[in-house]
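The values are calculated or read from the model by the stated rules, or taken from the named source; none is laboratory data. This is a predicted model, so every value here is computed, not measured. For neighbour counting, all protein chains shown are included, and Cβ atoms are generated from backbone atoms with ideal geometry for every residue, glycine included. Just so you know, the surface numbers come from the protein's heavy atoms only, side chains and all, with ligands and any DNA or RNA stripped out. Shrake-Rupley method; radii C 1.70, N 1.55, O 1.52, S 1.80 Å.
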Amino acid sequence: MLTLPAGLLAALKIALIAALGIALRQYWHPDVGIMYLVLALFLSTNLVICYWEICLFFRRDYIETRTDYWRERQQETGRSPAVEFLKSKVPLKAALSPTVWADVWATYSVYDGSFADRRTYGFNVDVGNGFVTVVPLVILYAIITTEFLPPIAAGVLGIMMFWQWIYATSAYWMSFFVAKRHRRITRSELYILIWGTNAPWVLCPLLGFYASIRLVVDDSYRVLGG
């Protein structure tokens, strides 16, 4: 049975979605700019994560149990649960298994327990993102790829989408520190897992927010290389 490391499997999914968008963009509009490439990769990543966030909702009981498992395993082995999960082998037939990807949240919950607690902001904002943003995300990706709507329509939708990512991530960081969860992890875990893994959801949306404003102001897709 063919298996792949979980981290590689996730990366391949993102790469496949991004490559599809880039290929379609080149077919319709040969000029593909750096701005489009960055946004295509970011939106593709979000599509995969939206699926994980839906798994977070439907596997919430399982995640609470698995968090205890990963916490105990960390104490026994001294290894990082996040790294161990990313290296774990996943059969290709289970590539879309909600149970497999629930471990994304279970391992992260070792460092931030809010994702194993359905009463927290972290849990609910990510579940909400998974269900609410997936459709407009697909529409936005399709618009900037094929330009089937006027630039102003793409810009308005982009402003809405990118701003909510900036706000939600900033509010998550604030909730993490207000709850004093940073005191329960090491400094390296704080920098890598809390700051590092969430920073793209502020930096890339800031770039997307700028591009969206340009779409509206210029009434043109030039900012994407079109």
Counting only residues 5 or more places away or on other chains, whose amide H sits under 5 Å from the amide H of L4 once H atoms are built in the peptide plane? V90, L92
I want the local charge near L37. Using Cβ-Cβ distances under 13 Å, sum +1 for each Lys or Arg and -1 for each Asp or Glu among the other residues. 0
Quick one: which of K13/K89; K89/K180; K87/K180 span more than 24 angstrom between C-alpha atoms? K89/K180; K87/K180
Residue by residue through segment 66-76, what is 3J(HN,Hα) from phi via Karplus (6.51 cos²θ - 1.76 cosθ + 1.60, θ = phi - 60°)? Round to whole Hz and write x for glycine and proline. 5, 4, 4, 4, 5, 5, 5, 5, 4, 5, 6
At a 1.4 Å probe, what is the % contribution of carbon and sulfur to the accessible area of segment 1-115? 66
Scattering from the C-alpha atoms of segment 46-104 alone, worked out with Debye: what is log10 I(q)/I(0) at q = 0.14, 0.29 1/Å? -0.41, -1.23
One finds the C-alpha centres of segment 1-47 and segment 152-226 to be spaced, in Å, by 19
Just to confirm, what accessible area per residue do you get for segment 18-134 at 1.4 Å probe, in whole Å²? 49
Let me see the P(r) profile for segment 114-204: every Cα-Cα distance counted, bins of 5 Å, each bin given as a percent of all pairs. 2, 12, 19, 21, 16, 11, 8, 6, 3, 1
Sort the following peptides by mean Cβ neighbour count (other Cβ atoms within 10 Å, averaged over residues), highest first: 145-151, 155-161. 155-161, 145-151
In the set (i) 57, 46, 29; (ii) 57, 48, 37; (iii) 54, 36, 31, which value of Cα extents along the principal axes in Å was calculated from the structure you see? (i)
Taking 2.2 N^0.38 Å as the expected size of a compact globular protein, what ratio does the Cα radius of gyration of segment 78-150 give against it, to two decimals? 1.47
Order the following by accessible area, largest value first: Y141, Y191, Y51, Y27. Probe radius 1.4 Å; ligands, DNA and RNA are ignored. Y27, Y191, Y51, Y141
